């Protein structure tokens, strides 16, 4: 873990929001947060009064591939340094405060943060507090804005690692472009119209073969076109259906 002197060049490390964890008690939670940072494209981890992060312990065990860069490059800082050098967003449970009684009000949800933080002129730090009590009122009073995760009113308090993962997921547009995101079947290709027309023609042949009432065939074909249209079938899917409907039309059981 880096010491405070290494922060002199922090502005060159990343323009992405930093993630700060204040007085975490569990090394495993620090590792979980580091892993979430790696998942969603964050790089700079700031630790205030952290527990011992043994390379053979829970922090590195929970960190996944973040054990290779995010976690060993974490910087130990003071809370004063964070509020002096960053636009700070304190992440805490819903406080039920309003404009008559508040430490920091109003709050944003994680879904709101991406647009809000994109307009901030300067470095940003997302600040997460302790497992049991979160950030103190004194700390919240020094933070620029608050983010709170909407949750069940009967039990809105989340585990520290879970809370960080949710927030980082929601603001990933600040760190990952569309090209950086792994998502199966992003460029789904719809079957060509000639291929679809062959399928519709085969359906018409099947309706005739099974003596479907002639006065109902036009309405049935409209329904089939709507169903297939909503499905956005691929070329391979249409060809598979085409083969099945053709076999049904040929009535192999009577051959």
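The values are calculated or read from the model by the stated rules, or taken from the named source; none is laboratory data. Treat the numbers as computed from the prediction; the structure is a model and nothing was measured. Neighbour counts run over all protein chains shown; Cβ positions are idealised from the backbone, glycine included.
Quick notes on this one:
- Considering 160, 242, 174, the condition of being touching a helix residue (DSSP H, G or I) at 6+ places or on another chain (Cβ under 8 Å) and not assigned by TED's automatic domain parsing to the domain that holds residue 59 is satisfied by 242 alone.
- Subset of segment 22-39 [touching a helix residue (DSSP H, G or I) at 6+ places or on another chain (Cβ under 8 Å), in a loop (DSSP other than H, G, I, E, B) and either surrounded by fewer than 19 Cβ atoms within 10 Å (Cβ to Cβ) or at positive phi (or both)]: 26
- Residues in segment 115-126 that are assigned to a helix (DSSP H, G or I) and loosely packed, with under 15 Cβ neighbours inside 10 Å: 2 in all.
- Test: residue in segment 12-21 that is in a helix (DSSP H, G or I), surrounded by fewer than 19 Cβ atoms within 10 Å (Cβ to Cβ) and modelled with pLDDT under 95: yes
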